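No lab work stands behind these numbers, since they all come straight from the coordinates. This is a predicted model, so every value here is computed, not measured. Positions of Cβ are generated from backbone atoms using ideal geometry, with glycine treated the same way; all protein chains shown enter the neighbour counts.
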Amino acid sequence: MTDKKKTAIYPGSFDPLTNGHIDIIERALDIFDEVIIAVLHNPSKKALFAMDERVKMIRQSFNGTNSVKVDSFGGLLVDYAKMKNAVAIIRGMRALSDFESEFQMALMNRKLNKEVQSVFLMTGFRWIFTSSSIIKEAAQFGGDIRDMVPEAVHIKMMEKYPPIKESEE
Ligand code: PNS
């Protein structure tokens, strides 16, 4: 067997990156030599942050971690994985409710390219309830999301949704 570097792709909208995503990336790094965080377009979601803003926030959050690369891509995930010689696609699982759509996506990706394996990692218990969507919703109405996102994301979120003054509540 050859001693080749094993690369995994961690794809997602990352609109924005959360501590739950970071937990999954850290777990993936226990298994793979390199993880490429790939910001991809999800046709069923309208994004709050532009692609380059999302990439920048992720880069700032992983600054100095050589085994983590950050990129964006506009086409099919499996084509990107092939281009990067990745052996796996990582997806995080929080609850059973994630299963159906993840299963469907994994089967479609397998149909499109049999060479790349989908690997599901369970998020840490403390991040079970977090998602980019629920964090955006909380921030929009003045909720404190500081503990749920990296510092670089928190700063940008506060620019999008400045804290609500008491007189406005
Ligand atoms: O974070 P998300 O929104 O759950 O990520 C979904 C994403 C971006 C990974 C998915 O929509 C995707 O792979 N988009 C790229 C287009 C593609 O390959 N679609 C076919 C897979 S079913």
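Amide H to amide H, with H built 1.01 Å from N, residue 117 comes under 5 Å of 88, 89, counting only residues 5 or more places away or on other chains. Inter-label distance, residue 71 to residue 107: 2.9 nm, where each label sits 7 Å from its Cα along the C-beta direction.
Relative to one another, the C-alpha centroids of region 84-136 and region 4-74 are positioned 13 Å apart. About its Cα centre, the dipole of region 1-116 is roughly 260 debye, where the only charges are +1 on Lys and Arg Cβ and -1 on Asp and Glu Cβ.
Principal-axis analysis of the Cα atoms of the chain puts helix 51-61 at an angle of about 90° to the longest axis. Residues 80, 161 in ascending order of nearby Cβ atoms (within 10 Å, fewest first): 161, 80. Shown for 147, 15, 79: other C-beta atoms within 10 Å of each C-beta, ranked fewest to most, produce the order 147, 79, 15.
Axis angle, to the nearest 10 degrees, between helix 151-160 and the longest C-alpha principal axis of the chain: 50 degrees.
In plain terms, the residue of 65, 130 with the fewest other Cβ atoms within 10 Å comes first and the most crowded comes last, giving 65, 130. Listed by chain and number, the lysines whose C-alpha is less than 27 Å from the C-alpha of residue 165, apart from same-chain residues fewer than 8 away, are 136, 156.
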